[in-house]
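Asks: Here it is: the structure, laid out below.
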Amino acid sequence: MIVVAILLPWLAVLIERHPFKAVACLLLQLTVVGWIPAAVWAVAVVREDRRGRQYQQILRVLHGR
């Protein structure tokens, strides 16, 4: 997913279920200068969502669900 976030940042953000962030990322990516910030932003979104899912799994285990 990190590779997708670097190559197509808007797609990675959209896959992570953030449609408005994906549109903003696409608009940023359309500028040549904005590609790098868009890729960094997409990687951050992917990592944040992955971390959130891990926390939810840990909480489920701790609460015995």
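Asks: Taking the Cα centre of the chain as origin, sum charge times position over the Cβ atoms of Lys and Arg (+1) and Asp and Glu (-1), and report the length of that vector in debye to the nearest 20.
Replies: 340 debye
Asks: Run the simple label-point estimate for L62 and L30 please: 7 Å along Cα→C-beta, distance reported in nm.
Replies: The answer from the label model is 4.4 nm.
Asks: Residue by residue through the stretch 6-23, what is 3J(HN,Hα) from phi via Karplus (6.51 cos²θ - 1.76 cosθ + 1.60, θ = phi - 60°)? Round to whole Hz and write x for glycine and proline.
Replies: 7, 7, 10, x, 5, 5, 5, 5, 5, 4, 7, 6, 10, x, 6, 5, 5, 5
Asks: At 1.4 Å probe radius, can you tell me the per residue accessible area of the chain in Å²? Intermediate values should be presented prior to the final figure.
Replies: Details: 4910 Å² over 65 residues.
With all protein chains present, the chain gives 76 Å² per residue.
Asks: Per the Cauchy relation, a quarter of the hull surface: what is the mean projected area of the convex hull of the alpha carbons in the chain, in nm²? Present the calculation step by step, with values, prior to reporting the outcome.
Replies: On the way: hull surface 17.5 nm².
Answer in nm², one decimal: 4.4.
The values are calculated or read from the model by the stated rules, or taken from the named source; none is laboratory data. No experiment lies behind these values; they were computed from the predicted model shown. Don't worry about glycine lacking a Cβ; one is built from the backbone with ideal geometry, like all the others, and counts go over all protein chains shown. Accessible surface areas use protein heavy atoms only, side chains included; no ligands, DNA or RNA. Shrake-Rupley method; radii C 1.70, N 1.55, O 1.52, S 1.80 Å.
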